[in-house]
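The structure appears below as C-alpha coordinates.
The values are calculated or read from the model by the stated rules, or taken from the named source; none is laboratory data. Just so it is clear, the model here is predicted, and its values are computed rather than measured. Cβ: placed from backbone, ideal geometry, glycine included. Neighbour counts: every protein chain shown. What goes into the accessible areas is simple: the full protein's heavy atoms, side chains included, and nothing from ligands, DNA or RNA. Shrake-Rupley method; radii C 1.70, N 1.55, O 1.52, S 1.80 Å.
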Amino acid sequence: MDVSTISKPHERLAEILTGEMEAVNTLIRKRMASEHAPRIPEVTAHLVEAGGKRLRPMLTLAAARLFGYTGEHHVRLAATVEFIHTATLLHDDVVDESAQRRGRPTANLLWDNKSSVLVGDYLFSRSFQLMVETGSLRVLDILANASATIAEGEVLQMTAATDLGTDEAVYLQVVRGKTAALFSAATEVGGVIAGAAEPQVEALFNYGDALGIAFQIADDLLDYQGDSKATGKNIGDDFRERKLTLPVIKAVAQATSDERMFWERTIEKGRQQDGDLDHALSLMAKYQTLEATRRDALDWANKAKTALEVLPDHELRTLLRDLADYVVSRLN
(Lines give C-alpha, C1' and ligand atoms only; values in the text may rest on other atoms or scores of the structure.)
Protein backbone atom coordinates (compact mmCIF):
# COMPACT_ATOMS: atom_id res chain seq x y z
CA MET A 1 0.00 0.00 0.00
CA ASP A 2 1.28 3.48 -0.86
CA VAL A 3 1.47 5.37 2.44
CA SER A 4 1.08 8.72 0.66
CA THR A 5 -2.44 7.75 -0.48
CA ILE A 6 -3.65 7.19 3.10
CA SER A 7 -5.28 10.37 4.33
CA LYS A 8 -5.51 9.92 8.10
CA PRO A 9 -2.28 10.32 10.09
CA HIS A 10 -3.04 7.42 12.46
CA GLU A 11 -3.51 5.17 9.40
CA ARG A 12 -0.19 6.36 7.96
CA LEU A 13 1.44 5.73 11.34
CA ALA A 14 -0.02 2.20 11.38
CA GLU A 15 1.38 1.58 7.90
CA ILE A 16 4.88 2.78 8.78
CA LEU A 17 4.88 0.80 12.03
CA THR A 18 3.27 -2.36 10.56
CA GLY A 19 6.03 -4.81 11.56
CA GLU A 20 6.32 -3.50 15.11
CA MET A 21 2.54 -3.35 15.59
CA GLU A 22 2.30 -6.99 14.48
CA ALA A 23 4.88 -7.84 17.16
CA VAL A 24 2.84 -5.84 19.72
CA ASN A 25 -0.38 -7.66 18.77
CA THR A 26 1.34 -11.06 18.99
CA LEU A 27 2.67 -10.17 22.44
CA ILE A 28 -0.77 -8.94 23.57
CA ARG A 29 -2.42 -12.20 22.48
CA LYS A 30 0.31 -14.25 24.19
CA ARG A 31 0.11 -12.34 27.47
CA MET A 32 -3.67 -12.20 27.71
CA ALA A 33 -3.83 -15.99 27.63
CA SER A 34 -4.64 -17.74 30.91
CA GLU A 35 -4.11 -21.42 31.61
CA HIS A 36 -6.51 -21.52 34.55
CA ALA A 37 -9.25 -18.99 33.75
CA PRO A 38 -10.53 -19.22 30.15
CA ARG A 39 -12.90 -16.30 30.76
CA ILE A 40 -9.88 -13.94 30.80
CA PRO A 41 -8.94 -14.41 27.11
CA GLU A 42 -12.65 -14.46 26.18
CA VAL A 43 -13.29 -11.03 27.73
CA THR A 44 -10.00 -9.45 26.64
CA ALA A 45 -10.29 -10.77 23.09
CA HIS A 46 -13.77 -9.20 22.81
CA LEU A 47 -12.31 -5.78 23.61
CA VAL A 48 -8.84 -6.08 22.07
CA GLU A 49 -10.15 -7.47 18.78
CA ALA A 50 -12.92 -4.84 18.60
CA GLY A 51 -10.71 -2.64 16.46
CA GLY A 52 -9.88 0.75 17.87
CA LYS A 53 -7.05 2.81 16.44
CA ARG A 54 -4.33 1.44 18.77
CA LEU A 55 -3.19 5.05 18.97
CA ARG A 56 -1.45 4.83 22.36
CA PRO A 57 0.86 1.90 21.56
CA MET A 58 1.68 3.50 18.20
CA LEU A 59 2.77 6.66 20.03
CA THR A 60 5.25 4.59 22.08
CA LEU A 61 6.66 2.88 18.98
CA ALA A 62 6.87 6.17 17.07
CA ALA A 63 8.66 7.97 19.92
CA ALA A 64 11.24 5.16 20.21
CA ARG A 65 11.81 4.96 16.46
CA LEU A 66 12.14 8.75 16.25
CA PHE A 67 15.39 8.31 18.21
CA GLY A 68 16.63 5.33 16.19
CA TYR A 69 15.83 2.65 18.81
CA THR A 70 16.65 -0.88 17.57
CA GLY A 71 15.90 -3.09 20.60
CA GLU A 72 12.67 -4.89 21.53
CA HIS A 73 11.64 -3.16 24.74
CA HIS A 74 9.51 -0.60 22.89
CA VAL A 75 7.26 -3.49 21.78
CA ARG A 76 6.83 -4.55 25.44
CA LEU A 77 6.04 -0.97 26.42
CA ALA A 78 3.54 -0.52 23.59
CA ALA A 79 1.76 -3.71 24.75
CA THR A 80 1.90 -2.40 28.33
CA VAL A 81 0.23 0.85 27.31
CA GLU A 82 -2.52 -1.03 25.43
CA PHE A 83 -3.10 -3.33 28.43
CA ILE A 84 -3.45 -0.34 30.78
CA HIS A 85 -5.85 1.30 28.31
CA THR A 86 -7.93 -1.88 27.93
CA ALA A 87 -8.05 -2.42 31.71
CA THR A 88 -9.34 1.12 32.25
CA LEU A 89 -12.00 0.64 29.53
CA LEU A 90 -13.25 -2.54 31.25
CA HIS A 91 -13.46 -0.69 34.58
CA ASP A 92 -14.98 2.46 33.03
CA ASP A 93 -17.81 0.54 31.39
CA VAL A 94 -18.76 -0.92 34.77
CA VAL A 95 -18.58 2.47 36.51
CA ASP A 96 -20.54 4.20 33.72
CA GLU A 97 -22.96 1.24 33.36
CA SER A 98 -22.27 1.40 29.61
CA ALA A 99 -23.95 -1.00 27.19
CA GLN A 100 -21.89 -0.14 24.10
CA ARG A 101 -18.24 0.43 23.26
CA ARG A 102 -17.01 0.97 19.67
CA GLY A 103 -20.45 0.02 18.41
CA ARG A 104 -20.43 -3.38 20.13
CA PRO A 105 -21.95 -4.61 23.40
CA THR A 106 -19.61 -4.03 26.36
CA ALA A 107 -17.96 -6.90 28.25
CA ASN A 108 -20.00 -6.15 31.38
CA LEU A 109 -23.17 -6.54 29.30
CA LEU A 110 -22.06 -9.77 27.61
CA TRP A 111 -20.63 -11.32 30.78
CA ASP A 112 -21.10 -9.38 34.03
CA ASN A 113 -19.58 -6.60 36.13
CA LYS A 114 -17.51 -9.00 38.23
CA SER A 115 -15.82 -10.47 35.16
CA SER A 116 -15.07 -7.00 33.75
CA VAL A 117 -13.52 -5.73 36.98
CA LEU A 118 -11.45 -8.85 37.62
CA VAL A 119 -10.22 -9.17 34.03
CA GLY A 120 -9.28 -5.47 34.15
CA ASP A 121 -7.25 -6.22 37.28
CA TYR A 122 -5.56 -9.12 35.46
CA LEU A 123 -4.57 -6.83 32.59
CA PHE A 124 -3.11 -4.27 35.01
CA SER A 125 -1.04 -7.06 36.56
CA ARG A 126 0.14 -8.22 33.14
CA SER A 127 1.10 -4.65 32.24
CA PHE A 128 3.36 -4.43 35.30
CA GLN A 129 5.05 -7.73 34.40
CA LEU A 130 5.82 -6.33 30.94
CA MET A 131 7.22 -3.08 32.37
CA VAL A 132 9.55 -4.95 34.72
CA GLU A 133 10.94 -6.95 31.79
CA THR A 134 12.45 -3.76 30.34
CA GLY A 135 14.70 -3.53 33.42
CA SER A 136 14.16 0.24 33.56
CA LEU A 137 13.11 1.72 36.89
CA ARG A 138 12.48 5.04 35.14
CA VAL A 139 9.96 3.40 32.80
CA LEU A 140 8.31 1.62 35.73
CA ASP A 141 8.06 4.95 37.58
CA ILE A 142 6.44 6.73 34.60
CA LEU A 143 3.85 4.03 33.90
CA ALA A 144 3.07 3.37 37.58
CA ASN A 145 2.48 7.11 38.05
CA ALA A 146 0.27 7.20 34.96
CA SER A 147 -1.80 4.26 36.28
CA ALA A 148 -2.31 6.04 39.61
CA THR A 149 -3.21 9.31 37.85
CA ILE A 150 -5.79 7.52 35.67
CA ALA A 151 -7.48 5.96 38.71
CA GLU A 152 -7.36 9.29 40.56
CA GLY A 153 -8.92 11.07 37.56
CA GLU A 154 -11.77 8.56 37.41
CA VAL A 155 -12.55 8.95 41.12
CA LEU A 156 -12.36 12.75 40.82
CA GLN A 157 -14.72 12.63 37.84
CA MET A 158 -17.30 10.67 39.87
CA THR A 159 -17.55 13.48 42.42
CA ALA A 160 -16.96 16.43 40.06
CA ALA A 161 -19.22 15.38 37.18
CA THR A 162 -22.50 16.51 38.76
CA ASP A 163 -21.14 19.28 41.01
CA LEU A 164 -21.77 22.78 39.63
CA GLY A 165 -18.79 23.95 41.66
CA THR A 166 -16.55 22.11 39.17
CA ASP A 167 -14.52 24.75 37.32
CA GLU A 168 -12.20 24.56 34.33
CA ALA A 169 -9.17 23.75 36.52
CA VAL A 170 -10.90 20.69 37.99
CA TYR A 171 -12.13 19.67 34.52
CA LEU A 172 -8.52 19.83 33.27
CA GLN A 173 -7.40 17.69 36.19
CA VAL A 174 -10.04 15.06 35.30
CA VAL A 175 -9.03 15.13 31.62
CA ARG A 176 -5.35 14.80 32.50
CA GLY A 177 -6.29 11.75 34.54
CA LYS A 178 -8.73 9.92 32.33
CA THR A 179 -7.13 10.67 28.94
CA ALA A 180 -3.90 12.66 28.81
CA ALA A 181 -1.93 10.69 31.44
CA LEU A 182 -1.70 7.60 29.25
CA PHE A 183 -0.94 9.62 26.08
CA SER A 184 1.94 11.43 27.80
CA ALA A 185 3.27 8.24 29.42
CA ALA A 186 3.09 6.43 26.07
CA THR A 187 5.23 9.03 24.30
CA GLU A 188 7.57 9.62 27.26
CA VAL A 189 8.54 5.93 27.77
CA GLY A 190 9.27 5.59 24.04
CA GLY A 191 11.86 8.34 24.35
CA VAL A 192 13.27 7.02 27.63
CA ILE A 193 13.80 3.47 26.32
CA ALA A 194 15.52 4.91 23.23
CA GLY A 195 17.93 6.96 25.39
CA ALA A 196 16.67 10.39 24.26
CA ALA A 197 18.17 13.45 25.98
CA GLU A 198 16.23 14.90 28.92
CA PRO A 199 14.83 18.00 27.10
CA GLN A 200 13.53 15.69 24.36
CA VAL A 201 11.94 13.27 26.83
CA GLU A 202 10.22 16.28 28.40
CA ALA A 203 9.06 17.43 24.95
CA LEU A 204 7.57 13.97 24.29
CA PHE A 205 5.73 14.15 27.61
CA ASN A 206 4.40 17.65 26.79
CA TYR A 207 3.31 16.50 23.33
CA GLY A 208 1.37 13.53 24.70
CA ASP A 209 -0.18 15.62 27.47
CA ALA A 210 -1.41 18.35 25.09
CA LEU A 211 -2.53 15.81 22.47
CA GLY A 212 -4.59 13.93 25.07
CA ILE A 213 -6.23 17.12 26.35
CA ALA A 214 -7.06 18.31 22.81
CA PHE A 215 -8.48 14.85 22.03
CA GLN A 216 -10.76 14.83 25.10
CA ILE A 217 -11.98 18.43 24.72
CA ALA A 218 -12.82 17.68 21.07
CA ASP A 219 -14.68 14.55 22.18
CA ASP A 220 -16.68 16.52 24.76
CA LEU A 221 -17.53 19.20 22.20
CA LEU A 222 -18.67 16.65 19.61
CA ASP A 223 -21.19 15.35 22.13
CA TYR A 224 -23.12 18.59 21.57
CA GLN A 225 -22.47 19.25 17.89
CA GLY A 226 -21.14 16.07 16.30
CA ASP A 227 -22.54 13.73 13.68
CA SER A 228 -23.92 10.79 15.66
CA LYS A 229 -23.18 8.41 12.75
CA ALA A 230 -19.51 9.42 12.83
CA THR A 231 -19.09 9.63 16.62
CA GLY A 232 -21.23 6.63 17.61
CA LYS A 233 -22.86 8.82 20.27
CA ASN A 234 -26.20 10.58 20.28
CA ILE A 235 -26.16 14.37 20.55
CA GLY A 236 -26.48 15.32 24.21
CA ASP A 237 -25.52 11.94 25.73
CA ASP A 238 -23.24 13.74 28.22
CA PHE A 239 -26.11 16.05 29.19
CA ARG A 240 -28.48 13.12 29.71
CA GLU A 241 -25.79 11.35 31.77
CA ARG A 242 -25.36 14.58 33.82
CA LYS A 243 -21.69 15.00 32.93
CA LEU A 244 -20.27 18.46 33.49
CA THR A 245 -17.99 18.89 30.50
CA LEU A 246 -16.30 22.07 29.27
CA PRO A 247 -19.17 23.55 27.17
CA VAL A 248 -21.51 23.33 30.19
CA ILE A 249 -18.88 24.48 32.71
CA LYS A 250 -18.37 27.64 30.61
CA ALA A 251 -22.16 28.24 30.48
CA VAL A 252 -22.57 27.71 34.25
CA ALA A 253 -19.75 30.20 34.94
CA GLN A 254 -21.75 32.94 33.17
CA ALA A 255 -25.26 31.86 34.21
CA THR A 256 -27.90 34.17 35.66
CA SER A 257 -29.61 32.95 38.84
CA ASP A 258 -32.51 31.48 36.80
CA GLU A 259 -30.11 29.72 34.44
CA ARG A 260 -28.15 28.36 37.37
CA MET A 261 -31.38 26.89 38.77
CA PHE A 262 -31.89 25.15 35.41
CA TRP A 263 -28.39 23.62 35.58
CA GLU A 264 -28.93 22.60 39.23
CA ARG A 265 -32.16 20.80 38.32
CA THR A 266 -30.85 19.04 35.21
CA ILE A 267 -27.22 18.27 36.15
CA GLU A 268 -26.98 18.23 39.95
CA LYS A 269 -30.40 16.75 40.70
CA GLY A 270 -30.88 14.92 37.40
CA ARG A 271 -34.53 15.92 37.10
CA GLN A 272 -34.61 16.24 33.33
CA GLN A 273 -37.69 16.67 31.16
CA ASP A 274 -38.58 17.10 27.48
CA GLY A 275 -37.04 20.21 25.96
CA ASP A 276 -34.20 20.46 28.51
CA LEU A 277 -31.48 19.52 26.02
CA ASP A 278 -32.71 22.18 23.58
CA HIS A 279 -32.70 24.75 26.39
CA ALA A 280 -29.18 23.71 27.41
CA LEU A 281 -28.03 24.13 23.80
CA SER A 282 -29.67 27.57 23.62
CA LEU A 283 -27.77 28.65 26.77
CA MET A 284 -24.51 27.41 25.26
CA ALA A 285 -25.32 29.38 22.11
CA LYS A 286 -26.13 32.49 24.18
CA TYR A 287 -22.67 32.44 25.80
CA GLN A 288 -20.92 30.98 22.70
CA THR A 289 -19.43 28.23 24.86
CA LEU A 290 -19.20 25.69 22.02
CA GLU A 291 -17.03 28.10 20.03
CA ALA A 292 -14.92 28.88 23.13
CA THR A 293 -14.47 25.13 23.76
CA ARG A 294 -13.42 24.65 20.13
CA ARG A 295 -10.77 27.37 20.54
CA ASP A 296 -9.45 25.60 23.66
CA ALA A 297 -9.13 22.31 21.75
CA LEU A 298 -7.25 24.06 18.93
CA ASP A 299 -4.95 25.79 21.46
CA TRP A 300 -4.00 22.44 23.01
CA ALA A 301 -3.39 20.93 19.56
CA ASN A 302 -1.04 23.87 18.84
CA LYS A 303 0.77 23.28 22.15
CA ALA A 304 1.28 19.65 21.11
CA LYS A 305 2.78 20.75 17.78
CA THR A 306 5.05 23.32 19.47
CA ALA A 307 6.41 20.63 21.83
CA LEU A 308 7.62 18.62 18.81
CA GLU A 309 9.93 21.39 17.58
CA VAL A 310 12.93 20.20 19.65
CA LEU A 311 12.65 16.61 18.36
CA PRO A 312 14.74 15.23 15.44
CA ASP A 313 13.60 16.14 11.93
CA HIS A 314 11.97 12.88 10.84
CA GLU A 315 8.89 11.69 8.92
CA LEU A 316 7.47 10.41 12.21
CA ARG A 317 7.74 13.89 13.73
CA THR A 318 5.72 15.21 10.77
CA LEU A 319 3.13 12.48 11.33
CA LEU A 320 2.86 13.28 15.05
CA ARG A 321 2.31 16.90 14.08
CA ASP A 322 -0.40 15.86 11.60
CA LEU A 323 -1.99 13.74 14.34
CA ALA A 324 -2.38 16.83 16.55
CA ASP A 325 -4.21 18.56 13.69
CA TYR A 326 -6.31 15.46 13.02
CA VAL A 327 -7.72 15.10 16.55
CA VAL A 328 -9.26 18.56 16.23
CA SER A 329 -10.06 18.39 12.49
CA ARG A 330 -13.37 16.74 13.46
CA LEU A 331 -14.43 20.15 14.83
CA ASN A 332 -14.36 21.96 11.48
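Worth a mention:
- Site pair M261 and A197 shows an inter-label distance of 6.2 nm when each label is modelled 7 Å from Cα along Cα→Cβ.
- Per-selection metrics, the chain (Cα): Rg and Dmax in Å: 20.2, 62
- In the chain, a dipole from Cβ-located charges (positive for Lys and Arg, negative for Asp and Glu) runs towards its positive end, and of N302, S147, I193 it is I193 whose Cα lies farthest in that direction.
- Helices that extend 30 Å or more along their long axis by alpha-carbon positions and average at least -1.0 on the Kyte-Doolittle scale are, among the DSSP H runs of the chain, 73-95, 113-133, 137-160, 198-225.
- In the chain, the portion of solvent-accessible area held by carbon and sulfur atoms comes to 50 percent [1.4 Å probe, whole percent, DNA, RNA and ligands not counted].
- Excluding same-chain neighbours fewer than eight residues apart, the aspartates and glutamates reachable from K114 by a Cα-Cα span under 20 Å are E35, E42, D92, D93, D96, E97, E154.
- With the gyration tensor restricted to C-alpha atoms of the stretch 154-285, the semi-axes of the equivalent ellipsoid amount to 34, 15, 11 Å, longest first.
- Hits among aspartates and glutamates - C-alpha to C-alpha of K303 under 12 Å, sequence gap 8 or more where chains match: D209, D325
- Cα centre as origin, Lys/Arg/Asp/Glu Cβ charges: the chain dipole, Debye: 420
- Calculated FRET value between Q254 and E152, using beta carbons and R₀ = 25 Å, to 0.05: 0.30
- Cross-link partners of K286 among lysines (Cα-Cα below 28 Å; sequence separation of 8 or more within a chain): K229, K233, K243, K250, K269
- With helices as the sole contributors, the chain gives -22000 deg cm²/dmol at 222 nm; each DSSP H run of n ≥ 4 counts as -39500 (n - 2.57), and the sum is divided by every residue.
- The residues of the chain present an accessible area of 45 Å² per residue when probed at 1.4 Å with all protein chains retained.
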